[in-house]
Each structure stands twice: as C-alpha cells, then as structure tokens.
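The values are calculated or read from the model by the stated rules, or taken from the named source; none is laboratory data. Small disclaimer: the values here were computed from a predicted structure and weren't measured. Neighbour counts are summed over all protein chains in view; Cβ atoms, including those assigned to glycine, are modelled from backbone coordinates with ideal geometry. Quick note on the areas: whole protein, heavy atoms, side chains included, nothing else; ligands and nucleic acids left out. Shrake-Rupley method; radii C 1.70, N 1.55, O 1.52, S 1.80 Å.
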Amino acid sequence: MNYKIGCIAGDGIGPEITNEARKVLDAVGAKFGFGIEYTDILMGGCSIDVHGIPLTDEAIEAAKSQDAVLMGSIGGDAKVSPWYSLPPEKRPEAGLLGLRKALNLFANLRPSKLYSALKGACPLRSDAADRGFDILIMRELTGGLYFGERKTFEEGGLRTAIDTLKYNEEEIKRIAVKAFEIARKRKCKVTSVDKANVLDSSRLWRAVTEEVALGYKDVALEHMLVDNCAMQLVKDPAQFDVVLTENMFGDILSDEAAEITGSIGMLPSASLNETKFGLYEPSGGSAPDIAGRGIANPIAAILSAAMMLRFSLDLKDAAEAIENAVEKVLLDGIRTIDIMSEGMTEVGTSQMGDEIVRRI
Ligand code: NAD
C-alpha cells in the first residue's frame with residue numbers, strides 16, 4: 001500500500017526536523033510493508049520568498065489531494081526577518097491559519113506525556129511526577145471567542161470592546177464525537193472542561209457532550225470547570241486521559257499541560273477535520289535561534305509522524321513502533337541539547353533521527 005503525504009517543511013528548523021521524520025517514516029514503512037510518496041508544499045516564509053504570499057491556492061489544492069500533511073514549522077524572528085514588515089495577512093503565520101480554515105481542521109489534539117527517562121525535567125512535585133501522566137488535550141479550533149464577532153467602540157465617553165463566544169450544537173457535537181472515539185483507543189475517559197456555572201455557551205457544551213456520551217457507554221464522562229482544571233493539571237495530572245474543551249480554554253490549558261512535561265520540544269500535535277485527513281506538526285515553533293545548526297530536537301516532528309500513522313492512516317502498529325523507539329532512545333541516554341542532562345550522550349538532529357531508526 002502506498003500513501004500520499006504532503007510535506008510542508010516550512011522555515012527555521014522545519015526542514016531539518018521534517019527530514020528526520022521522513023527518515024523514520026521510511027524505516028517504519030519498510031518494516032511494516034507500506035510506502036510513502038511525498039509531495040513538497042511551500043507555506044510560510046519560504047512561500048513568501050517565492051510567491052510573495054504565505055499560502056497559494058495551488059498549495060491548498062496540493063494539501064487537499066493528500067492522505068495527510070506533515071509539517072515542520074513556519075515563521076522567523078520577528079525582530080529581524082523582513083517577513084514581519086508585511087501586513088499581518090501576508091506574514092508566515094497567516095499561511096497556517098488559512099490552511100486550517102481551507103481544510104476545516106476543527107479538532108486540535110495535543111498530547112502531553114511525561115517520559116519516565118525525562119522525569120527530572122518535570123517542574124511538578126516529585127509525587128506527581130512519579131505517578132507520570134499521559135494526557136490528550138482536544139481543543140476546538142475553528143469556533144468560539146477567537147472567531148466570534150468583535151468590535152471596539154466608544155460608549156458613554158469610554159473606549160469599550162466586545163468579543164463574542166458563540167458555538168452551535170453541531171460544532172460541539174462533531175468535536176465531542178472525535179473525543180469519545182479517541183478516548184476509546186486510550187483509557188476510555190473524557191473530561192469535558194467548561195465554565196457552565198457562568199456561560200451559556202458552556203451550558204450548551206455540557207448538554208451536547210452528555211447527549212453524545214449516550215452513544216459511548218464504555219467511555220466515562222466527567223465535567224470540570226476550567227479554573228479547577230487549571231489547578232488539577234498541576235496537582236494531579238495522572239487523573240486525566242482525554243480533555244475536551246473549547247477554543248480559548250484549550251489554548252491556555254494545552255500550554256499548561258505541555259509545560260508540566262518540562263520538555264515542550266518533544267511534543268507533537270494534530271489538527272483533524274471530519275474525514276481521516278489531518279495536519280501533523282510539532283507543538284513548538286521554528287526556533288530561528290538554532291536553525292541551520294543541526295542541533296534541533298526532531299522528536300516532536302517524529303512523534304507527529306507517529307500520530308499521522310495512527311489517526312489518518314490507521315497504522316497503529318507502525319505508530320507504536322515509532323513511539324517505542326523514541327522511549328528506547330531516551331532510556332538509552334541519548335539526548336539533543338535541549339533535553340541534555342549530566343551523564344547522557346549528546347547528539348545532533350540527524351544523529352537522533354538515525355538512533356531512532358536503529359530502534360524501529
Ligand atoms: P519556538 O518554539 O520556535 O522557540 C522557543 C524556544 O524553544 C527557543 O529557544 C527554541 O530554540 C526552542 N525550541 C523550539 N523547538 C525546538 C526543538 N525542536 N529543538 C530544540 N529547541 C527547540 O517559539 P518562538 O521563538 O516563540 O517562535 C519562533 C517562530 O516560530 C515565530 O515566528 C513563531 O510565530 C513561530 N511559531 C510557529 C508555529 C507553527 O509553525 N505552528 C508555532 C509556534 C511558533
């Protein structure tokens with residue numbers, strides 16, 4: 001079987017880390033008997049350099065015709081890069097927002113896992129770190145406060161601003177269904193996070209989530225207020241499996257959940273639509289400060305490729321082979337500089353890719 005994968009290497013460390021992800025994908029393909037045809041797609045700063053805009057219609061069409069898209073990262077250093085003297089809609093980040101919209105990627109998945117070999121990097125109390133955690137934050141990505149009507153005006157002589165938090169039942173239902181489906185493949189628990197003691201949009205969120213739960217009797221559903229969730233994440237993260245929430249709450253909680261791992265450069269992410277299609281990318285950015293030096297950690301990109309195998313291509317065993325190889329590399333003391341600690345062996349980007357391939 002051959003799969004068609006779009007590859008948006010992007011800017012900064014993007015090309016270096018996607019190169020390693022492709023190396024690992026090819027190795028796992030050889031082991032499990034599938035092939036991958038890559039189509040390179042320009043987006044972000046590198047597209048501005050060639051086409052004057054961060055995302056062309058051709059790039060959107062190319063992405064749409066793939067089984068999935070693997071991305072590195074986009075953007076540069078805003079203080080020095082000429083890309084940032086352009087109007088906001090022509091800057092690199094506008095390309096990613098445009099692609100998410102064009103592909104209707106409404107479900108953002110950000111795993112937050114504490115690797116036993118990296119426990120020392122966890123900023124939480126040792127009893128919480130010792131229990132470990134493996135959380136999947138599922139954030140609604142195309143609705144809510146960030147997409148509602150907004151305006152700034154004057155009222156009674158005072159500058160005043162309004163943002164609107166709006167969801168309809170369909171928007172809530174489709175992401176709730178994704179959360180329950182994915183929880184079924186994990187520990188069968190969904191924590192739906194809202195502010196139902198105050199917000200109407202949250203009360204609808206809660207009601208629709210409960211309706212969806214009726215179809216998933218094997219998955220436990222609990223509701224949690226967002227302020228409590230922010231506390232519980234630092235107090236007892238082991239209690240969570242899938243955390244389902246709206247756009248802004250998810251924006252904040254997913255960064256908190258990433259930070260408690262102590263190694264944000266290790267974390268992958270996925271953005272999915274209603275089909276099996278998804279866009280897979282590291283949670284971090286293009287790290288212009290270290291680009292081109294061969295020292296970036298490629299693990300987030302490699303784990304993004306594993307998520308792609310699991311969620312878009314239904315290749316669970318191949319995904320697990322990558323995840324296990326990453327665990328092994330860490331247990332064997334191999335580290336890039338960002339996760340380096342005393343007594344470990346420091347390697348560069350490409351050597352880390354090779355070491356993971358050796359353990360597939
Ligand atoms: P960043 O994540 O790129 O970098 C923050 C710090 O983490 C830097 O010190 C960097 O060296 C380090 N880092 C990040 N990834 C690393 C890796 N794989 N290995 C080792 N170290 C790593 O965040 P930033 O500096 O705020 O943003 C830089 C650029 O990235 C900006 O243009 C921003 O807009 C863009 N960005 C893009 C995405 C995306 O493509 N989805 C996401 C976030 C930021």
> Name the residues in the stretch 1-34 that are closer than 19 Å to Met266 by Cβ, charged (D, E, K, R) and buried (at least 19 other Cβ atoms within 10 Å of the Cβ), would you?
Replying inline: Glu16, Glu20, Arg22
>> With the requirement that a residue be more than 16 Å from the ligand (Cβ to nearest atom) and either of a type in the set (A, V, I, L, M, F, W, C) or touching a strand residue (DSSP E or B) at 6+ places or on another chain (Cβ under 7 Å) (or both), what does the stretch 261-283 give you?
In response: Phe277
> Quick one: is Gly75 open to solvent by 10 Å² or more (accessible area, probe 1.4 Å) and farther than 30 Å from Tyr167 by Cα?
Replying inline: no
> Can you name every residue in the stretch 159-189 that is open to solvent by 50 Å² or more (accessible area, probe 1.4 Å) and among the small types (Gly, Ala, Ser)?
Replying inline: Ala161
> Applying the selection to the stretch 60-114, what residues are more than 15 Å from the ligand (Cβ to nearest atom) and part of a helix (DSSP H, G or I)?
Replying inline: Ile60, Glu61, Ala62, Lys64, Ala102
> Counting just the residues of the stretch 220-237 that are loosely packed, with under 15 Cβ neighbours inside 10 Å and in contact (Cβ under 8 Å) with a residue 40 or more places away in the chain, which one comes out farthest from Thr191 (Cα to Cα)?
Replying inline: Lys235
> In the list Asp251, Asp255, which residue meets the criterion of being within 16 Å of the ligand (Cβ to nearest atom), free of Cβ contacts under 8 Å to residues at least 12 places away in the same chain and under 14 Å from the mean Cα position of the chain (by Cα)?
Replying inline: Asp255
> Does Val50 satisfy being crowded, with 22+ Cβ neighbours inside 10 Å, assigned to a helix (DSSP H, G or I), of a type outside the set (Lys, Arg) and more than 16 Å from the ligand (Cβ to nearest atom)?
Replying inline: no
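Which helices (runs of 4 or more DSSP H) sit wholly inside the stretch 145-259 and have at least 2 residues that are of a type in the set (Asp, Glu)? Break it down stepwise before answering.
Numbers: elements: 169-184, 200-213, 226-235, 247-259.
In the stretch 145-259, 169-184, 200-213, 247-259 are the helices (runs of 4 or more DSSP H) which contain 2 or more residues that are of a type in the set (Asp, Glu).
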>> Let me confirm something: among Ala325, Ala319, Ala305, Ala300, which residue is among the aliphatic types (A, V, I, L, M) and near the ligand (Cβ under 8 Å from one of its atoms)?
In response: Ala300
> Quick one: in the stretch 154-201, which of the residues that are without any contact (Cβ under 8 Å) to a residue 24 or more places away in the chain and among the small types (Gly, Ala, Ser) is nearest to Gln239 (Cα to Cα)?
Replying inline: Ala161
> Mind checking which residues of the stretch 133-144 are in a strand (DSSP E or B) and of a type outside the set (Val, Ile, Thr)?
Replying inline: Asp134, Leu136, Met138, Arg139, Glu140
